[in-house]
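For reference, the structure discussed in these notes is given below.
The values are calculated or read from the model by the stated rules, or taken from the named source; none is laboratory data. These figures come from a predicted structure and were not determined experimentally. Note that each Cβ is placed from the backbone with ideal geometry, even for glycine, and that neighbours are counted across all protein chains shown. Heavy atoms of the whole protein, side chains included, go into the accessibility calculation; ligands, DNA and RNA do not. Shrake-Rupley method; radii C 1.70, N 1.55, O 1.52, S 1.80 Å.
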Protein chains: 2
Amino acid sequence: MRTFKLTIEYDGVDFHGWQVQLNAQNTVQGELEAALSKNFKKKRVVVIGSGRTDKGVHARGQVAHFRMKTTMPTDELMRAINHNLPSGIVIKSVEEAEAGFHAQRSARGKSYSYTILNRSYPSALDRQRCYFFPRKINLGLMRSEARAFLGRHDFASFANVDHSRTCETIRTVRRLEIKKRGDFIVVTIEADGFLYKMVRNIVGTLLQVASGRFPSGSVKRMLKEKDRRSAGLAAPPEGLCLERVEY
Amino acid sequence: MRTFKLTIEYDGVDFHGWQVQLNAQNTVQGELEAALSKNFKKKRVVVIGSGRTDKGVHARGQVAHFRMKTTMPTDELMRAINHNLPSGIVIKSVEEAEAGFHAQRSARGKSYSYTILNRSYPSALDRQRCYFFPRKINLGLMRSEARAFLGRHDFASFANVDHSRTCETIRTVRRLEIKKRGDFIVVTIEADGFLYKMVRNIVGTLLQVASGRFPSGSVKRMLKEKDRRSAGLAAPPEGLCLERVEY
């Protein structure tokens, strides 16, 4: 039995999120399992991801693993899987991992990017890769407010309830960068792990502070209150992209 | 009567090209005319573009004009048109032009970009914005060969026949740049005008030289022969984007 680590890029627009669901067709996990089942002529090959992503959320570096008895070389395997996948999912690398490797449990950290388009008119070419936010943003305020997220905190105010996930809400944000590229603002967040909708809640709240809806200093108060109702609205899925998983 | 100049971005994947056609729904020109007709409550408002683009070809800076008796300020007009357009087309600016302005006849030059993805596996997120070309490319050879296109030439070998267009095949290429950005190669071509499929035939031929299908020096020979059959294959539409029209 060998363990394979996959690095995956996908276009969130095409799928109902990562996880196989009873009533949803076209999930990324489902497509990957179907491609592997076909390749290995098995009834089901279980693929475990580093974590779920919601409908509309993209990935440039999602990681998953599966275990299989096979002699196929990894480069041949990569070609074979890509051949069986729809064009909205691409395997970027296949590596053989040690037997104990687990895409979710072995993960040491993740980074996400969130892209905002901040001008008066939307984009035709990038409309499914960014959140169109036409209101005026104070970028300096957004950056100074963002500093409050850095470090180890209880992120209960920034987590949506998901009963299938752990109740533990303490996380460490290692990096939070806000870069301006023309009319786009790209927020990059790196942490040891993320709660459900945490990045979208952080970015939505920062945009509400930066556009005057909340006063500066609000993030500190929200973190202290540990109550989802105290923080801002979630930013929509189309701006979000899972960039990297660290092991 | 006022003349309005529109700068337009569109996602070529969503439309059957620029030009209104008898049997094709969803053309960019058709959608623009419909949006303007709705706004001005007219049966038809004619929109003239700087030139056609084929199905699948994108634009970041297409230009068009229309004439209308109206007192509406340009910024209000821009919002109103964008409101009536599908999300794959966005008006980036509306300017009032002098009475004689004609988007096609007044054009002094155009630039296009062509994006190639050169690696062994495709992209999920950029698959509709680039041409996936997995064969090995000699970039130095591609650049040196490209120099033969610069200047004033008869481009008959690089033009597909289109009976609705002029027979004059002499054009001046002012700039041809080939830039590498990670696994992407971006070709930018600027000329006083382009023949039908000229950019795609140029890029397709350069890729055939750079990947060893034609020997170096082929472009010079092809230009001399003035015969479409002597040049290489057209690169596909998804990599092509009309960047700018000069007046």
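Some points to look at:
- Three-way shape call for the range A:2-97 based on the alpha-carbon gyration tensor, with the a/c threshold at 1.5: prolate
- Set of aspartates and glutamates with alpha-carbon distance to B:K69 below 20 Å, sequence-local pairs under 8 removed: B:E33, B:E95, B:E96, B:E98
- Annotation for the range B:73-95 versus the range A:1-55: alpha-carbon center distance of 40 Å.
- Rg/Rh for the range A:175-247 (Cα atoms only, Rh after Kirkwood) is 0.96.
- Label-point separation, A:K136 to B:D192 (7 Å along Cα→Cβ), nm: 4.6 nm
- Within-13-Å neighbourhood charge of B:G151 [Cβ basis; K, R +1; D, E -1]: +3
- Distance between the modelled labels on B:S216 and A:R79, one decimal in nanometres: 3.0 nm (7 Å Cα→Cβ projection).
- Sequence-separation-based contact order of chain A, relative, with Cα cut under 8 Å and 6+ spacing, percent: 24 percent
- Measuring r between the beta carbons of B:R119 and A:E95 and using R0 = 22 Å, the FRET efficiency lands at 0.85.
- Which of A:M78, A:M142 is most accessible, then next, and so on - probe 1.4 Å: A:M78, A:M142
- Approximate spin-label separation B:R67-A:S37, in nm, with each point projected 7 Å along Cα-to-Cβ: 6.4 nm
- The listed residues A:F40, B:F66 rank as A:F40, B:F66 when sorted by accessible area, largest first, using a 1.4 Å probe.
- Exposure of B:V245 as accessible area (Å², to 10), given a probe of 1.4 Å and all protein chains: 20 Å²
- DSSP-defined antiparallel bridges as percent of all bridges, the protein assembly as shown, nearest 5: 90 percent
- The helix-based estimate of mean residue ellipticity at 222 nm for chain B, built from -39,500 (n - 2.57) per DSSP H run of four or more residues and divided by its residue count, is -6500 deg cm²/dmol to the nearest 500.
- Ascending list, in nanometres, of distances separating the A:E168 label from those of the other copies (7 Å, Cα toward Cβ): 7.4
- R0 of 25 Å, Cβ-Cβ distance A:R152-A:R228: FRET efficiency to nearest 0.05: 0.80
- Computed on protein heavy atoms with a 1.4 Å probe, the accessible areas place B:R147, A:R200 in the order B:R147, A:R200, largest first.
- Within the shell defined by Cβ-Cβ distances under 14 Å, the residues around A:P215 carry a net charge of +2, with Lys and Arg each +1 and Asp and Glu each -1.
- The convex hull drawn around the Cα atoms of the range A:109-246, when projected onto a plane and averaged over every direction, covers 8.0 nm².
- Candidate cross-link partners of A:K179 among the lysines, defined by an alpha-carbon separation under 29 Å and a same-chain spacing of 8 or more, comprise A:K55, A:K92, A:K110, A:K136, A:K197, A:K220, A:K224, A:K226, B:K92, B:K179, B:K180.
- The range B:109-246, relative contact order [Cα under 8 Å, separation at least 6], %: 38 percent
- Fully extended contour minus Cα-Cα distance, from B:T172 to B:I48, at 0.36 nm per residue: 42.3 nm
- Of the residues B:L32, B:L125, B:L117, the one that moves most in a GNM of chain B with alpha-carbon contacts below 10 Å is B:L125.
- With the whole protein complex present, B:E225 retains an accessible surface near 90 Å², based on a 1.4 Å probe.
- Distances from B:E76 to itself in the other copies, using label points 7 Å out along the Cα-Cβ axis, amount to 7.0 nm in increasing order.
- Shape category assigned to the range A:85-140 from the gyration tensor of Cα positions, a/c cut at 1.5: oblate
- Normalised by 2.2 N^0.38 Å, where N is the number of residues, the C-alpha radius of gyration of the protein assembly as shown stands at 1.11.
- With all pairs of different C-alpha atoms in the average, the Kirkwood value for the hydrodynamic radius of chain A is 19.0 Å.
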